[in-house]
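Written out below as structure tokens is the structure these notes cover.
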Amino acid sequence: MTTQLTEQELAFLHSMFDLARTGDTDGLTEAVDAGIPVNLTNSSGDSLLVLAAYHDHPETVRALLERGADTGRVNDRGQTALGAAVFRRSERTVRLLLDAGADPALGPRSALDVARYFDLPEMLSLLTERS
């Protein structure tokens, strides 16, 4: 048996994605610590981690990783948080994700693919220095 969420509950959950996009680390971690799933995904398959990485919020990424966010989530477009961080050229976020075990080759649009496609040699170097 499934429980339907109210409009208010749905709106609250949608607001979590806005917190990830804007880098509201305190608000997001408070919600996760209170029980919101750290791997919550939206209708496009974007997790909180993917959105925080894409919008270049390394502190939010770090906080989500500390709470068990899955670096292996692939959204509906085949992208990962690591690929998003590479696209944004965020060295700090890339390092955080790699330290947490993110796979540079994961997904149909992997972080390695992103670095090669957009000719980002500094990002490619970060992704391959640990191999």
Check your understanding: In a solvent-free Debye calculation with one equal scatterer on each Cα, what is log10 I(q)/I(0) for segment 7-128 at q = 0.13, 0.16 Å⁻¹, listed in the order of the q values?
Key -> -0.45, -0.66
Point to revise | Relative packing of peptides 33-44, 81-92, 108-119 - highest average C-beta neighbours within 10 Å first | key: 81-92, 108-119, 33-44
Check your understanding: Across segment 56-70, in residue order, what do the Karplus-derived ³J(HN,Hα) couplings come to in whole Hz, using 6.51 cos²θ - 1.76 cosθ + 1.60 with θ = phi - 60° and x for Gly and Pro?
Key -> 6, 10, x, 5, 5, 4, 4, 5, 5, 4, 4, 9, x, 4, 7
**Study point:** Computed magnitude of the charge dipole of the chain (debye, nearest 20; Cβ of K, R +1, Cβ of D, E -1)
**Key:** 440 debye
Practice item. Select from 118, 32, 61 the residue farthest towards the positive end of the dipole of the chain; place +1 on Cβ of Lys and Arg, -1 on Cβ of Asp and Glu, and compute about the Cα centre. Key: 118
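A short reminder: the numbers here are calculations on the coordinates, not readings from a lab. Note that the structure is a prediction, hence the values are computed from the model and not measured. Because the Cβ atoms are built from the backbone with ideal geometry, glycine has one as well, and the counts that use them run over all protein chains shown.
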